[in-house]
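Chemist: Please find one structure pasted underneath; my questions will follow.
The values are calculated or read from the model by the stated rules, or taken from the named source; none is laboratory data. This one's a predicted model, so the numbers in the text were calculated from it and none came from an experiment. In this analysis, Cβ positions are derived from the backbone assuming ideal geometry, glycine residues included, and neighbour counts consider all displayed protein chains. The protein model used for the area step is the full one, side chains on, heavy atoms only, and it has no ligands, DNA or RNA in it. Shrake-Rupley method; radii C 1.70, N 1.55, O 1.52, S 1.80 Å.
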Amino acid sequence: ATTTAPALPRYLALDRDWPALTDSLPWRSDPHLAQCLAAFPGLRLLRQPFGETLLGFLCSATKQIVQIKQMVALLATHHGTEIAPGIHRLPTWPALAAIPEKELRRCLLGFRARYIHETARFLASRPCWLDETEALPYAAAKARLLELPGVGEKVADCVLLFGAGKLEAFPVDTWVLKSLARRYGLAGWSPAQVAHFGRTHFGPFAGLAQQYLFAWERKFGGRLPRP
């Protein structure tokens, strides 16, 4: 508890005024966003460890959440330090760099093992790279992340939103594509075009708006919630 307590305020992003940030979104002129906010009062974003967030999203390509959780759990169990009986932390990037790709594949990573192996070797040789990237402004940080094997636009935006607290990031996945097509008339738009629209329309806290849109689409699937 003594080591965990100081990290909790950061992890829970308690330094941010979430009601004020939410109120600053353009819900007054955007009826769909307004009903998303009303449907999910108190929605917040965690500030997860940057390096762990990167690892988690490198596991995410073409996988469902249950499969991602399984891969991450296997990495922790087989290659992470035991921090309590039966509980293992995720392996560090230097530790991952020392693990052969074929060993990583035993954690059900498939083709993602190569990306994680190559990224781990890159980061192990540059100990300050992640800290430097996290501290950069959004655009510069994203450009650096895109240099890593297996990191595309969506993964970079997810890592920056959930791991670096950069609310300008607007990750575009299947659910967000559906939401913007249905609610904003963007059917047929590419993910890059949708991401640009999201950052432009929702403003500097677009990532927070994205979470409301995502939550709505996942829960209601285009249906109105019951009163």
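Chemist: With +1 on each Lys and Arg Cβ and -1 on each Asp and Glu Cβ, how big is the dipole of the chain about its Cα centre, in debye rounded to the nearest 20?
Modeler: Dipole of the chain, to the nearest 20 debye: 700 debye.
Chemist: Can you put Asp23, Asp157 in order of accessible area, largest first, using a 1.4 Å probe?
Modeler: Listed by decreasing accessible area, they come as Asp23, Asp157.
Chemist: Heavy-atom accessible area per residue, the range 91-227, 1.4 Å probe: how many Å²?
Modeler: I get 48 Å² per residue for this part.
Chemist: Can you give the net charge of the other residues whose Cβ lies under 15 Å from the Cβ of Arg44, counting K and R as +1 and D and E as -1?
Modeler: 0
Chemist: Now, a different point. What pairs in Lys178/Lys219; Lys102/Lys166; Lys142/Lys219 have C-alpha atoms more than 24 Å from each other?
Modeler: Lys102/Lys166; Lys142/Lys219, as the Cα separations exceed 24 Å there.
Chemist: With the full set of protein chains in place, find how many percent of the accessible area of the range 182-221 is carbon and sulfur; take the probe as 1.4 Å.
Modeler: The C+S portion of the solvent-accessible surface of the range 182-221 is 57 percent.
Chemist: Still on this structure: Using a 1.4 Å probe, how large is the accessible area of Trp93, given in Å² and rounded to the nearest 10?
Modeler: 20
Chemist: Mean-square fluctuation check for the chain, GNM, Cα pairs under 10 Å: which of Ser29, Ser190, Ser60 is largest?
Modeler: In the Gaussian network model the winner is Ser29.
Chemist: For the residue pair Phe220 and Arg114, what label-to-label distance in nm results when each label sits 7 Å from Cα along the Cα-to-beta-carbon direction?
Modeler: 4.3
Chemist: Let me ask you something else. Taking amide H positions as placed in the peptide plane 1.01 Å from N, state which residues far from His88 in sequence (5 or more) or on other chains have amide H under 5 Å from it.
Modeler: Amide H neighbours of His88, under 5 Å, 5+ apart: Ile83.
Chemist: Shifting gears a bit: Figure the gain on full extension for Leu43 and Ile83 (residue separation times 0.36 nm, minus the Cα-Cα span) and round it to one decimal in nm.
Modeler: Once the chain is fully extended between Leu43 and Ile83, it gains 11.3 nm.
Chemist: With label points built 7 Å along Cα→Cβ from the Cα atoms of Asp15 and His201, find their separation and express it in nm.
Modeler: Modelled inter-label distance: 3.2 nm.
Chemist: What's the carbon and sulfur percent of the range 1-89's accessible surface, probe 1.4 angstrom, rounded to a whole number?
Modeler: Solvent-exposed carbon and sulfur of the range 1-89 make up 61 percent of the total.
Chemist: Before rounding to the nearest 500, sum -39500 (n - 2.57) across all DSSP H runs of length at least 4 in the chain and divide by the residue total; then give [θ] at 222 nm in deg cm²/dmol.
Modeler: One gets -16500 deg cm²/dmol as the mean residue ellipticity at 222 nm.
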